[in-house]
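Computed from the coordinates by the stated procedures, all read-outs in this text should not be read as laboratory data. Bear in mind that the values here come from a model prediction, so they are computed numbers and not experimental data. Neighbour counts are summed over all protein chains in view; Cβ atoms, including those assigned to glycine, are modelled from backbone coordinates with ideal geometry.
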Amino acid sequence: MLKNNYLPTLSLFGLLCVVWALVFWPTLQNMEAVWRSSDTYTHCYIIPLIAAWLLYDQRQYINAPAKPTLLPVLAALVCAFVWLVGYAADVNSLTHFSAIFVLQLLTLSLIGWQLGRQVAFPLIYLIFMVPFGDALNLPLQDLTATVSVFMLNLTGIPVLREGLYLTTPVGQFEVAEACSGLRFLIASIAIGTLYSFLTYRVWWKHLLFISAILLFSVLANCLRAFFLIWIGETSNMQYGFGADHFVYGWLFFALVMFSMFWIGGRFADKAPLLETSTATPATGQFWRPVACALLVLGATLALRSQITEIAAPAEAEQLATPAGFSAELARPWKPGFNDGLARLQIWDSEGRGYLLARYGHKQQKGELISWNNRLYQRKYWSETSQHSVTLAGESYQVIELRSGSGEQQVLLYQYKIADYRTTSASKAKLYQVLALLSGDQGYSEVRAANLPGTLLDIQPQQLEQVAKRLQALP
C-alpha cells in the first residue's frame with residue numbers, strides 16, 4: 001500500500017485516524033492507562049506497529065484498487081451508538097471494542113471490499129489493542145487451584161484447599177490473580193494468531209493451531225503453579241519463590257511457545273504465488289464515504305459533549321457515623337466501593353455491618369458497577385444461594401455465603417440510581433445511562449448489609465429491621 005496509486009487513500013486514512021482519535025480520546029486514554037498499569041496488556045502498545053509491519057511485509061500481495069463503499073458506515077453508526085451507551089454507563093468493554101470497530105469499519109468503507117480482503121488480517125489484528133479478558137481471572141484461578149490440588153494429591157503431598165488458598169505441611173500458598181495465567185493466555189493468543197497468519201493458508205489449520213495454543217497455555221499455567229508449590233514443598237520453601245518464581249514462569253512460557261511454534265512449523269503451508277499485476281488506481285468517489293464517516297464521527301462527538309462527567313475526589317468522603325453505630329475497621333466484612341464520592345461503613349450493636357457508597361452517574365475516576373467493586377472478597381467466600389425479597393416496601397437481593405473454613409454470612413443489598421431502585425447490576429447501568437441522557441444531576445448508590453449466620457438463623461423481623469436501617473442511612 002506504499003505505491004503511489006495508494007497515496008490518496010493513505011492521506012484520507014490519516015485524516016480519518018486523526019478525527020477518530022479526537023472523538024474517542026477518552027476511551028484511548030482509558031485503554032492506555034490499562035496497558036500502563038497491567039503487565040498483562042503491555043503488548044498492546046506494539047499492536048498498531050505490528051499491523052503496519054504486516055502491511056509493509058505483505059505489500060507485494062496488495063494490488064486491488066480502492067473502491068469506497070457506504071455500507072460499512074452504517075455498521076460504524078451502530079457501533080458509535082453502542083460506544084455512547086458504554087461511555088455513559090462506564091462499561092469499558094463496550095467503549096474499547098466499539099471504538100476499534102468504528103475505526104475498522106470506517107477504514108473498510110474508505111478502501112472497499114476487494115482491497116479490504118487483501119488487508120483483512122492487519123485490520124482485524126487491531127482488536128488486540130483492546131485490554132480484554134479480566135473477567136477470566138477468577139475462573140482461571142479456580143481451575144489452577146483445582147489442578148494443583150489434583151497434582152499434589154498424585155504426588156502424595158497432603159493439601160487443604162480453602163477457596164484460593166492451598167495449605168501443605170510446609171506452608172500456605174495463594175493462587176493470586178498473578179497466578180491465574182491470564183497474562184500468559186492473552187500473550188499466547190496475540191502471538192499465536194500472528195504466527196498462524198504467517199504460517200498457514202487454510203482455515204482449519206488456523207482453527208486447530210489457535211485452539212491448541214489456548215489449551216496448552218491454560219494447562220501449562222496449571223502445571224507451572226503445581227511445580228512451584230511442589231518445589232517449595234520439597235525444598236522446605238528454599239526455592240520456587242522470590243526472584244526464581246518469575247524466572248520459572250518465563251521459562252515455562254518460552255518453552256510452551258517454542259514447542260508450539262516448532263510443532264506448528266512442521267505443518268506450514270507454502271507462501272501464495274505472487275501475482276504479477278501492479279496496483280491499479282483508486283476507483284469510485286471518495287467524498288461520499290469520507291463525508292458520511294465525518295458526519296458519524298461529528299455526531300458522536302456532539303453527543304459525547306452532552307454527557308456530564310463528575311470530577312471524583314482522590315478519596316471518597318467518609319460520612320458521619322450515625323448515633324448508635326460504630327465505625328470499627330477490624331471487622332471480617334471488607335467490601336469494595338472505595339472510589340466513589342462518599343462512603344459509610346458502620347456496625348450496629350448486634351455485629352451487623354452496613355455499607356453506603358455514593359457515586360456520580362458518571363465519574364472521571366471510579367464507577368458504581370465494576371469488576372473491582374464487590375460486596376465480598378471472592379477468594380475467601382463462595383455463594384450458596386441467592387434470591388430476591390421485599391423488605392420495608394422495597395426490593396432487595398439476598399446472598400448466602402460460605403467460606404472455606406465453614407463460616408457463613410448473609411448479604412442484603414440494593415442499588416439506587418436517581419429515583420430508580422434495583423437489585424440488578426445490568427439494570428443499574430441502564431438506569432445510569434437514562435439518568436445521564438435525561439440531564440439528571442443526582443447520584444447513584446449501593447446500600448448493603450452483612451449479617452453473620454444463615455437465613456435459617458435470622459428471623460424475618462430482623463431482616464426487616466436491617467432493611468429499615470439501610471433506608472435510614474444519610
Using the alpha-carbon atoms, what tilt in degrees (0 to 90, nearest 10) does helix 71-89 show relative to the longest principal axis of the chain?
20 degrees
Could you tell me how many degrees, from 0 to 90 and to the nearest 10, lie between the Cα long axis of helix 182-199 and the main elongation axis, the longest principal axis, of the Cα atoms of the chain?
20 degrees
How would you rank His361, His96, going from fewest to most other Cβ atoms within 10 Å of each one's own Cβ?
His96, His361
Of all chymotrypsin sites (Phe, Trp or Tyr not before Pro) in region 313-416, which ones are in loop regions per DSSP and have a Cβ with at most 14 other Cβ atoms within 10 Å?
Trp371
From the list [x] 0.95; [y] 1.03; [z] 0.97, can you say which value of Rg/Rh (Cα atoms, Kirkwood Rh) was derived from the structure given?
[y]
Can you work out the Karplus-derived ³J(HN,Hα) for every residue in region 148-161? Use 6.51 cos²θ - 1.76 cosθ + 1.60 with θ = phi - 60°, whole Hz, and x for glycine or proline.
4, 4, 4, 5, 5, 5, 5, 8, x, 8, x, 9, 10, 9
In deg cm²/dmol, rounded to 500, what helix-only [θ] at 222 nm does the chain give when every DSSP H run of at least 4 residues adds -39500 (n - 2.57) and the total is split over its residues?
-16000 deg cm²/dmol
Pairs of alpha-carbon atoms within less than 8 angstrom and 6+ residues apart define the contacts here; what relative contact order does region 317-472 have, in percent?
22 percent
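Hey, got the dipole for the chain? About the Cα centre, +1 on K and R Cβ, -1 on D and E Cβ, debye to the nearest 20?
Charge dipole, the chain, about its Cα centre: 1320 debye, nearest 20.
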Output the antiparallel fraction of DSSP beta bridges having both residues in the chain, as a percent to the nearest 5.
95 percent
Between the helical axis of 203-234 and the dominant principal axis of the chain, each derived from Cα atoms, what acute angle in degrees is found, rounded to the nearest 10?
40 degrees
